[in-house]
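K.L.:
My questions will all concern the structure given below.
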Amino acid sequence: HHFMEITQIIVDAIEAEGGKAFVCHPPVITDAIGMGMEGMKYSLPSRDMIADQIQLMHSGYCGDALITVGGCDKTQPGCLMPIPRENNIGITLFGGGRYPGHLEGTCPKFEQLQSGNYRWGQEINISAAYEAQGALSAGLIDMEELDKIEKRCLGSSGACGAMFTASTMAAAFEAMGMAIPGSSSHPAAMSKKVGVSPLHQSKKDDCVKSVKVLFSMLKNKLHSRQIMTRKAFENAIVVIYALGGSTNAVLHLLALAKESGVDLEINDFNKIGERVPLLVNLRPHGRYMFSTSFNEVGGVPALMKELLEGGYLHGDALTCTGKTVAENLAELNLPPLPKGQDVLFPLSAPFAPAGRHMIVVHGNLATEGAVLKVSGKDILSFEGPAKVFNGEELAYNAITKGEIKSGDVLVIRYEGPKGSPGMPEMLSPSAALVGAGLGTTVALVTDGRFSGATHGIMVGHVSPEAAVGGVFSIVQDGDIISIDTKHKSLQMKLSEEEIQNRIDNFKGHPQMDERFKRGILGRYAYLVSSASKGAILRCSDDDDDSNNNNNSKSRKRAREEDNNSSN
């Protein structure tokens, strides 16, 4: 509902500046509703559809500039991707995060479970609902408490207000210079209650300021690719690592780099991020909320000031204001951090040292790479026997039935961009593990994605995915899988001879549901690239990668046959 108000404020501001606004409303898949069911297959594909529909409207109406407003997860990269695609003049704005929910002593069993974990207290967010399901299946809480948690986990309207994917991408775009300074952590709503509530004044101000900046960009002919440079992407990655952001940022920044003509590869995340300490105490790895407590101590500008002074950012990178990162921060004249606060930590005493957040790992299970999220935890290695499931639902049922034990490596495959199709998030099984008390003793490895709300020992984006014949497709129950953060490796402990023998004798992939071979998911599976490339949609054979080699070869053969027939 608050997006309708945001839209109207922006329209009025545009027309007050002498412009004429054309409003486009792309479809949105809200992950909180689709999570754990077939609806999540449509979430990542919606990113590219949103981008295409914005491009259609803007280019079809020959627009002069555009301002896009994103909220949940994929909507934000979907809103930014079309801007550099044609080097348009444009910026983006985050619709704002929500307030946390409150238990207020109504769920004593669940609250006692969390008493040793300072992430919770009596404030909760949406991930509590998924973890509570795991606690229920383990007999740790009853249905009455689960019902109360589900009804109380959202504190107001807005996107997820913790350091999940929505907040991660909002912060990244601000750091990149494609959103106005300070806007990413401003909350959506004025009141801490579920339902319709007035838009927060800071978000109203963001709307008007964004329009003024947009018209300044028009006047000065400041185009998006002048801002979205390699330096801008490096700044975004540094800020994501310092915040402890979502692994989805890897997918989305790779896709955005492609749209911007910037050379960025998955291994660059290690090169750039491994030197950055974790500075902010935010959920899910910490205690506080991005859109409340972090906002109150200065938000992304306060973090960027600390990083700039420490030499971690490119201060000369241009932003949408027409000024550099360093000039924007100087103009804000930020006050010192409040004494005694434990939200934003200094570089001299970080929340966690460098190398304790996201790590891109390689090995015989992921020759193109996979993404491990550590988020401040002191995890050096994990090794255990595989429990293999061809799909999220089968794995989730096994967890709730108590079939997954401490020390196991839970393998969920055929959930990649092609295999699912759509690369859904594995929040339901990962949260069920945490809720069942297995969050630190069971590793989860998948070719699917993770929600930003996920925490534990989680490896996602395994590439090549199982559906294209990667080694991931031949893992069997009992195989020993090793995760080594120091050496950045993901290995299945089998000889090369045994691996090749299994490949030679492979019986074939599970059959995909016929429903997913048609329409948007069918086209998506046909065109999508590897997760290691950002799961972008290919436009030509020049975009070939391991996920599409077979398709491209068949298309080339078809063209050759057509040419021969014509001759």
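K.L.:
Provide the per-residue ³J(HN,Hα) series for segment 68-76, in order, calculated from phi with Karplus coefficients 6.51, -1.76, 1.60 and θ = phi - 60°, each as a whole number of Hz, with x at glycine and proline positions.
P.N.:
Rounded to whole hertz, the list is 10, 10, x, x, 5, 6, 5, 5, 5.
K.L.:
What whole-number value in Å² describes the accessible area per residue of segment 271-415 for a 1.4 Å probe?
P.N.:
41 Å²
K.L.:
Follow-up. At q = 0.15, 0.22, 0.23, 0.31 Å⁻¹, what log₁₀ I(q)/I(0) does a Debye calculation on the Cα points of segment 306-352 give, no solvent, two decimals?
P.N.:
Per q value, in the given order, log10 I(q)/I(0) is -0.50, -0.88, -0.92, -1.15.
K.L.:
Mind computing the radius of gyration and Dmax over the alpha-carbon atoms of the chain? Å is fine for both.
P.N.:
Both quantities, over Cα of the chain: 23.1, 80 Å.
K.L.:
While we're here: Counting only helical runs of four or more DSSP H residues, what would the 222 nm mean residue ellipticity of the chain come to if each run contributes -39,500 (n - 2.57) and the total is spread over all its residues?
P.N.:
-11500 deg cm²/dmol
K.L.:
Now a separate question. Which values, in whole Å and largest first, are the semi-axes of the equivalent ellipsoid of segment 391-538 obtained as the square root of 5 times each eigenvalue of the Cα gyration tensor?
P.N.:
Square roots of five times the eigenvalues give 24, 20, 15 Å.
K.L.:
Another question, then. Using a probe of 1.4 angstrom, how much of the accessible area of segment 70-113 is carbon and sulfur, in percent?
P.N.:
48 percent
K.L.:
Between segment 269-297 and segment 478-507, how many Å separate their Cα centres?
P.N.:
Taking the Cα centre of each part, segment 269-297 and segment 478-507 sit 34 Å apart.
K.L.:
Between Gly384 and residues 5 or more places away or on another chain, which pairs have amide H atoms under 5 Å apart, with H built 1.01 Å from N, and which residues are they?
P.N.:
Ile481
K.L.:
Now for a separate question. Hey, any idea what % of segment 270-394's accessible area is carbon plus sulfur with a 1.4 Å probe?
P.N.:
53 percent
K.L.:
Quote the Stokes-Einstein diffusion coefficient, in whole µm² s⁻¹, for segment 120-183, based on the Kirkwood radius over alpha carbon pairs, a temperature of 4 °C and a viscosity of 1.567 mPa s.
P.N.:
For these conditions, the coefficient is 95 µm²/s.
K.L.:
Report the local net charge at Pro385: Lys and Arg +1, Asp and Glu -1, summed over other residues whose C-beta lies under 14 Å from its C-beta.
P.N.:
That works out to -2.
K.L.:
With θ set to phi - 60°, apply the Karplus curve 6.51 cos²θ - 1.76 cosθ + 1.60 along segment 285-295 and write out the HN-Hα couplings as whole Hz, x wherever there is a Gly or Pro.
P.N.:
So the Karplus estimates, Gly and Pro as x, are 8, x, 9, 9, 9, 5, 8, 10, 4, 5, 4 Hz.
K.L.:
Step through the residues of segment 350-362 one at a time and calculate ³J(HN,Hα) from phi using the Karplus curve (6.51 cos²θ - 1.76 cosθ + 1.60, θ = phi - 60°), rounding each to whole Hz and writing x for Gly and Pro.
P.N.:
x, 4, 8, x, 4, x, 10, 10, 9, 9, 7, 10, 10
K.L.:
For segment 457-513, what is the convex hull volume of its Cα atoms per residue in Å³?
P.N.:
For segment 457-513, the hull spanned by Cα atoms encloses 115 Å³ per residue.
K.L.:
Quick one: Cα convex hull volume of segment 232-344, Å³ per residue?
P.N.:
So the per-residue hull volume is 115 Å³.
K.L.:
Right, next: With the cut-off at 20 Å, report for segment 1-64 the share of all Cα pairs above it, as a whole percent.
P.N.:
That fraction is 45 percent.
The values are calculated or read from the model by the stated rules, or taken from the named source; none is laboratory data. This one's a predicted model, so the numbers in the text were calculated from it and none came from an experiment. Glycine gets a Cβ as well: all are built from the backbone with ideal geometry, and neighbour counts include every protein chain shown. Each accessible area value is taken on the protein alone, full model and side chains, heavy atoms only, with ligands, DNA and RNA left out. Shrake-Rupley method; radii C 1.70, N 1.55, O 1.52, S 1.80 Å.
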